Amino acid sequence: GSVVASYPYDDSPTHKPTGVYSKSADDEVFKYLAKAYASHHPIMRTGKPNCPGEEGETFQDGITNGAQWYDVEGGMQDYNYVWADCFEITLELSCCKYPPTSELQQEWENNQESLLSFIEKV
């Protein structure tokens, strides 16, 4: 896991594992929506999730193009955009895929304003 807002495309023509910016026709809209979420999240907005084992990983403005981060062929985010005209971003909300119950209240507090901001933009 991580703490970042990722946007299409997750797949790239070269299928290199990482580092290829795969721009969609609606790239600016996707960046706008991703920033709307990230800018209100206290950790995501820093661009430094500081996840164990990935302490050096950074994301400018707390967002990333999916394929630039890591290439995913056949992902749902890209499928929905290409085949159903759905604008979808992926939100990585925690370094831990299954946070303990004791952390859920803090996770809600970290994400509440981000979620409301995102909904307003949509």
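The values are calculated or read from the model by the stated rules, or taken from the named source; none is laboratory data. Computed from a prediction, not measured in an experiment: that's the story for all the values here. Counting neighbours? That spans all protein chains shown, and the Cβs are built from the backbone with ideal geometry, glycine included.
List of remarks:
- Taken as a whole, the range 62-72 holds at least one residue that is within 17 Å of G19 (Cβ to Cβ), at pLDDT 95 or above and acidic (D, E).
- Members of the range 1-32 that are buried (at least 21 other Cβ atoms within 10 Å of the Cβ) and either free of Cβ contacts under 8 Å to residues at least 12 places away in the same chain or assigned to a helix (DSSP H, G or I) (or both): F30
- Qualifying residue in the range 57-68 (condition: assigned to a loop (DSSP other than H, G, I, E, B), touching a strand residue (DSSP E or B) at 6+ places or on another chain (Cβ under 7 Å) and within 23 Å of D11 (Cβ to Cβ)): yes
- Number of the exception - N80 against (1) of a type in the set (S, T, N, Q); (2) in contact (Cβ under 8 Å) with a residue 12 or more places away in the chain; (3) out of contact with any Gly (no Cβ under 7 Å at 6 or more places or on another chain): (2)
- Only listed residue being within 21 Å of I119 (Cα to Cα) and out of contact with any helix residue (DSSP H, G or I) (no Cβ under 7 Å at 6 or more places or on another chain), chosen from D27, D71, D61: D27
- The residues of the range 33-70 that are over 10 Å from S6 (Cβ atoms) and polar (S, T, N, Q), listed by number, are S39, T46, N50, T58, Q60.
- With respect to the conditions (1) surrounded by fewer than 14 Cβ atoms within 10 Å (Cβ to Cβ); (2) among the polar types (S, T, N, Q); (3) in contact with a helix residue (DSSP H, G or I) (Cβ under 9 Å, 6 or more places away or on another chain), T46 lacks only one, and its number is (1).
- You will find that of E113, E92, E109, the residue that is acidic (D, E), outside any loop (DSSP other than H, G, I, E, B) and over 17 Å from the mean Cα position of the chain (by Cα) is E109 and no other.
- Single residue of the range 54-113 satisfying the filter (hydroxyl-bearing (S, T, Y) and loosely packed, with under 12 Cβ neighbours inside 10 Å) that is nearest to K31 (Cα to Cα): Y98
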